Amino acid sequence: MSIAAIDVGLKRIGAAVCLHGGVITPLNAVLRQNRIQAARDVDELLHEYKAEILVVGLPTNEETARRIKHFVSLLKFEGRVVYVDEDFSSEEAKERMRGVVKQKRDGRIDSLAAVIILERFKEEQR
């Protein structure tokens, strides 16, 4: 089973995938120009990796959560969508990257946050 995860942000959407229960791999972040383009790019990613489950990081902030759910509704994804608490995933990603790479805005931290979100999902399944 292929599982994908996204960390939806205003400028970038971090992405990660876990193929057949194996290792979780960060993917290149989707650079967000507008909602339609971003949804199309995420749909392409989900299709490319034959995702059956999409895990979406959801914050406790109600307004941001509403925006993320609206974005997910734009996807053509027909598999199962699961929302997982994303609180502090970006901070944890930054901490993991500390000393490894300068804090660039190239999407690596966003995709590492998606890895963390997917790790949380897999942990909940155990």
Please enumerate the residues belonging to the range 86-126 that are modelled with pLDDT of 75 or more, farther than 16 Å from A16 by Cα and not in a helix (DSSP H, G or I).
D87, R126
Name the single residue, out of those in the range 55-75 being part of a helix (DSSP H, G or I) and under 13 Å from V42 (Cβ atoms), that is farthest from the chain's Cα centre (by Cα).
S73
Would a scan of the range 52-68 turn up a residue that is within 24 Å of D87 (Cα to Cα) and basic (K, R)?
yes
Please work out which one of (1) surrounded by 14 or more Cβ atoms within 10 Å (Cβ to Cβ); (2) more than 14 Å from the chain's Cα centre (by Cα); (3) without any contact (Cβ under 8 Å) to a residue 60 or more places away in the chain is the condition L46 fails and give its number.
(2)
Filter the range 49-58 for residues that are surrounded by fewer than 17 Cβ atoms within 10 Å (Cβ to Cβ) and at negative phi and give the result.
E52
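The values are calculated or read from the model by the stated rules, or taken from the named source; none is laboratory data. Quick caveat, the model's predicted, so the values are computed rather than measured. Reconstructed Cβ throughout: ideal geometry from the backbone, glycine too, with neighbour counts over all protein chains shown.
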